[in-house]
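Q: Sending over a structure as structure tokens; questions will come in a sec.
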Amino acid sequence: MRTQVGIIGAGPAGLMLARLLHLQGISSIIVENRSRDYIENRIRAGLIEDWAADLLIDVGVGERMKAEGMLHWGINIGINGELHRIDFKKLVDKRVTIFGQQEVVKDLVARRLADGGPLLFEVDGVSVHDMTSQRPKIRFTHEGRAQEIDCDFIAGCDGFHGICRPSFPDGVLNVFERDYPFGWLGILTESPPPDHELIYSYTDRGFALYTMRSPSISRLYLQCDHDEDIENWSDARIWDELHKRLGGARKLQEGKMLQKGITPMRSFVVEPMQHGRLYLAGDSAHIVPPTGAKGMNLAFADVLVLSRALDAFYKSKRNDGLENYSASCLRRVWYAQRFSWWMTQILHRFPHETAFDRRRQLSDLGYITSSPAASTMLAEQYVGLPVI
Ligand code: APR
Ligand code: PHB
């Protein structure tokens, strides 16, 4: 097989890249090792930044998001049960959209297939070759047959556990990472959320987040131990803890649990995000703790930068965008890393924290909920910095 851009992975990064390239008249082939059913039903976060919602609309996959997504013009921060609203409309005049990531993936897959593909599911043994040559190659097995794709460029959109990042030669990558000594226990439930907007709740019992997928489906998270066994959490214990961490300002309605699981928390970045003609995008290059819900948005930002660079290469024979790809992405990646780390560290309980640390968190929370300058700082980053 022959294509201009070989894309490994059909997550938000790979699928959005394929759509952007299609609109620019650049050919691509996507190879994905899971099934279509699996990637369309994998539950992830569901918050789309202001510019990213516009991007989905601009590239023609925003119809369902516009009809079914929920526009939020603010969030609530709970401080030991007392709610404080951060008003995005007033502070930065931007919104976020609540719409599940797997719904975005469904719409991008449908669009890709309508564009004529190719999008190969359930491939095995993917490997990349000759990445420093002009003709890098992807090899894999599909439906029992060994295949090779001859590419001009390869986009490594294969997530944190993919093969692209480990294929970089030794010594090329610098790794920056931080583990957190807790995780999030998340449930999806058939019950209305306690407020029409999100509640980030700081309490002495630990952090909790009350978010949603629709007016009748809630997505609720509890800070838990990093090695927590989900078996230790009966439905009754989860509800009890969710009630306690919400406090009295809102009522939490219980409902049927549709799903429960534990989300790990980690900050991770590799630099550079490119070697030869292999370009990493999205989770393959960086992950953030879920506190700021930046994961999918960062993936879109990377591939937007990459698609512009490839467009300049093919249309104007310019290499500068490709040469600057890593530096351009990393500037934004580090803003999002800092923001996600900061949100995480002001809201959670830490194992070895001191009374000083708790007072400092309360002071940070007091500041962002009372000073217009500080709440604007939060709002500007929460709704998403534009991709420039
Ligand atoms: N070959 C082919 N595909 C692979 C391989 C491989 N060796 N390894 C992984 N994949 C696929 C995965 O099955 C997945 O569908 O690559 C895709 C990567 O998608 P994501 O993990 O969704 O990553 P990305 O597209 O960068 O999107 C980032 O998704 O993971 C969430 O929280 C994250 O919201 C963020 C967003
Ligand atoms: C979610 O809806 O899953 C979600 C929203 C906001 C976050 C994290 C997760 O900060």
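Since every read-out is calculated from the coordinates, none of them should be taken as a lab result. Computed from a prediction, not measured in an experiment: that's the story for all the values here. Glycine also receives a Cβ, built like all others from the backbone with ideal geometry; neighbour counts cover every protein chain displayed.
Q: Could you work out the per residue convex hull volume over the alpha carbons of segment 1-67, in cubic angstrom?
A: On the way: hull volume 7.0 nm³, N = 67.
Each residue corresponds to 104 Å³ of Cα convex hull volume.
Q: Now a separate question. Can you check how the C-alpha radius of gyration of segment 13-148 compares to 2.2 N^0.38 Å, as a plain ratio?
A: Numbers: Rg = 19.2 Å, N = 136, 2.2 N^0.38 = 14.2 Å.
Output field value: 1.35.
Q: So what's the back-of-envelope 222 nm ellipticity for the chain, counting only DSSP H runs of four-plus at -39500 (n - 2.57) apiece and dividing by all residues, rounded to 500? Please list the in-between numbers first.
A: On the way: 12 runs with 140 residues, N = 388.
Using -39500 (n - 2.57) per qualifying helix, the result is -11000 deg cm²/dmol.
Q: With the Cα gyration tensor of segment 126-243 in hand, convert its eigenvalues to equivalent ellipsoid semi-axes via √(5λ) and list them largest first in whole Å.
A: Working: eigenvalues 373, 70, 42 Å².
Three semi-axes, in Å: 43, 19, 14.
Q: Now, a different point. For segment 305-388, what D do you get in µm² per second when you plug the Kirkwood radius from alpha-carbon pairs into Stokes-Einstein at 37 °C and 0.692 mPa s?
A: Numbers: Rh = 15.6 Å.
D, rounded to a whole number, is 210 µm²/s.
Q: For segment 87-182, what is the convex hull volume of the alpha-carbon atoms per residue, in Å³?
A: Details: hull volume 23.0 nm³, N = 96.
That works out to 239 Å³ per residue.
Q: What number do you get for segment 105-148 when its Cα radius of gyration is normalised by 2.2 N^0.38 Å, N = residues? List each step's numbers first, then the result.
A: Values: Rg = 13.1 Å, N = 44, 2.2 N^0.38 = 9.3 Å.
My calculation over the Cα atoms of segment 105-148 gives 1.42.
Q: Once the cut-off is 26 Å, how many percent of the Cα-Cα pairs in segment 190-314 end up in the long-distance tail? Walk me through the numbers on the way to the answer.
A: Details: 2987 of 7750 pairs.
Distances greater than 26 Å cover 39 percent of the Cα pairs.
Q: To one decimal place, what Kirkwood hydrodynamic radius in Å is obtained for segment 346-385 from all pairs of distinct Cα atoms?
A: On the way: mean 1/r = 0.0895 Å⁻¹.
Result for segment 346-385, one decimal place: 11.2 Å.
Q: Next up: Over segment 8-79, what is the relative contact order in whole percent, taking alpha-carbon pairs under 8 Å and six or more residues apart? Intermediate values should be presented prior to the final figure.
A: Working: 28 pairs, mean separation 18.2, N = 72.
Contact order relative to length: 25 percent.
Q: How far apart, in nm, are two points set 7 Å out from the Cα along the Cα-to-Cβ line at GLU68 and at THR354?
A: My value for the distance between the label points is 5.1 nm.
Q: Which of the helices in the chain meet the span-like rule: DSSP H, Cα axial reach of 27 Å or more, Kyte-Doolittle mean at least -0.5?
A: Working: long enough: 295-316 (32 Å, 0.73); 325-347 (33 Å, -0.08).
Helix filter hits for the chain: 295-316, 325-347.
Q: Can you give me the Cα centroid spacing of segment 1-74 and segment 253-292 in angstrom?
A: 16 Å
Q: Can I ask one more? How large is Rg over Rh for segment 169-236, taking Rg from the Cα atoms and Rh as the Kirkwood inverse mean of 1/r across Cα pairs?
A: We get a ratio of 1.15 for segment 169-236.
Q: Compute for segment 234-388: radius of gyration divided by Kirkwood radius, i.e. Rg/Rh, restricted to C-alpha atoms, rounded to two decimals. Present the calculation step by step, with values, prior to reporting the outcome.
A: Values: Rg = 20.1 Å, Rh = 18.6 Å.
Rounded to two decimals, Rg/Rh equals 1.08.
Q: Mind putting together the pair-distance distribution for segment 23-100? All Cα pairs, 5 Å bins, whole percent per bin, short to long.
A: 3, 12, 15, 17, 18, 15, 8, 6, 4, 1, 1
Q: Right, here's the next one. First select every other residue whose beta carbon is under 10 angstrom from the beta carbon of SER375; then total the charges, Lys and Arg +1, Asp and Glu -1.
A: Numbers: positive: ARG85, LYS90; negative: ASP87, GLU380.
Combined, the nearby Lys, Arg, Asp and Glu give 0.
Q: What are the extents of the Cα atoms of segment 265-339 along their three principal axes, listed from largest to smallest and rounded to whole Å?
A: Dimensions of segment 265-339 along the principal axes of its Cα atoms: 41, 19, 16 Å.
Q: I've got another one for you. Want the number for ALA146 to ASN80: 0.36 nm per residue separation, take away the alpha-carbon distance, what's left?
A: Details: separation 66, 0.36 × 66 = 23.76 nm, distance 5.82 nm.
Length gained, ALA146 through ASN80: 17.9 nm.
Q: Residues with beta-carbon under 15 Å from that of ASP150, excluding ASP150: net charge, scoring Lys, Arg +1 and Asp, Glu -1?
A: Values: positive: ARG2, ARG135, LYS137, ARG139, ARG277; negative: ASP130, GLU148, ASP152.
Around ASP150, the surrounding residues sum to +2.
Q: Still on this structure, please answer the following. Looking at the chain, send over the antiparallel percent of its DSSP beta bridges, to the nearest 5. Intermediate results must be reported in sequence, preceding the final value.
A: Working: 55 of 73 bridges.
Close to 75 percent.
Q: Counting alpha carbon pairs within less than 8 Å and at least 6 residues apart, what relative contact order, in whole percent, applies to the chain? Let's see the in-between values first.
A: Numbers: 789 pairs, mean separation 79.3, N = 388.
Reported relative contact order: 20 percent.
Q: State, as an integer percentage, the relative contact order of segment 136-280 based on alpha-carbon contacts under 8 Å between residues 6 or more apart.
A: Values: 246 pairs, mean separation 47.9, N = 145.
For segment 136-280, the relative contact order is 33 percent.
Q: Further, regarding this structure: Can you give me the convex hull volume of the Cα atoms of segment 230-296, divided per residue and expressed in Å³? Let's see the in-between values first.
A: On the way: hull volume 9.5 nm³, N = 67.
Roughly 141 Å³ of hull volume per residue.
Q: Within the P(r) computed for the chain, what percentage of the Cα pairs occupies the region above 31 Å?
A: On the way: 28116 of 75078 pairs.
Tail fraction, whole percent: 37.
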